[in-house]
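*Asks:* I am attaching a structure below and will ask some questions about it afterwards.
The values are calculated or read from the model by the stated rules, or taken from the named source; none is laboratory data. Given the structure is predicted, the values throughout are model-derived calculations rather than measurements. Note that each Cβ is placed from the backbone with ideal geometry, even for glycine, and that neighbours are counted across all protein chains shown. With ligands, DNA and RNA removed, areas are computed over all heavy atoms of the protein, side chains included. Shrake-Rupley method; radii C 1.70, N 1.55, O 1.52, S 1.80 Å.
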Amino acid sequence: TLFDDLLQIAGGRNAVAEIGLQGHAALALERALALDPEVIVFTDYRADGRARPFLPAPPIADDPSWQGVRAVRDGRVYAIEARPLLSTSHYAAEAAIDLARVLHPQRFGPGAQQVDRDGPLERGSEP
């Protein structure tokens, strides 16, 4: 998927792809918890298969079933803006930068990881 490609460009690994899921397949909660990811990234966009918006799920960081997951314990759960991540245009480059900022904040300097847990990633200066 585009997300998997962008994640690799940003220096990350897709734990879901590593267990054999491809495309936009559903992932059962039990399997997601068992992956114990170091970082969780999701978009701020929620819609059904016909792009009809619906209410977002509660933030993962507030869900008791996720409290044992490494990314939640370490405060590494991030929402990034959907537009660049979901587009197959020049905006995809912005998504790679957004992903790199949350995966490798030490490479971008102070303030690079300005993330609101319930909102999109704030962009700082470009690297």
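*Asks:* Given labels modelled 7 Å from the Cα in the Cβ direction, how far is it in nm from residue 89 to residue 74?
*Replies:* Computed distance between label sites residue 89 and residue 74 equals 3.5 nm.
*Asks:* Once both labels are modelled 7 Å past Cα along the beta-carbon direction, what's the residue 28-residue 8 spacing in nm?
*Replies:* It works out to 2.8 nm between the two label points.
*Asks:* If you roll a 1.4 angstrom probe over the protein chains with everything in place, what fraction of the accessible area of the stretch 1-44 belongs to carbon and sulfur, to the nearest %?
*Replies:* Carbon and sulfur atoms account for 52 percent of the accessible area of the stretch 1-44.
*Asks:* Once amide H atoms are placed 1.01 Å from N in the peptide plane, what residues at a sequence separation of 5 or more from residue 41, or on another chain, have their amide H within under 5 Å of its amide H?
*Replies:* Residues meeting the criterion, in which the H sits 1.01 Å from N, are 78.
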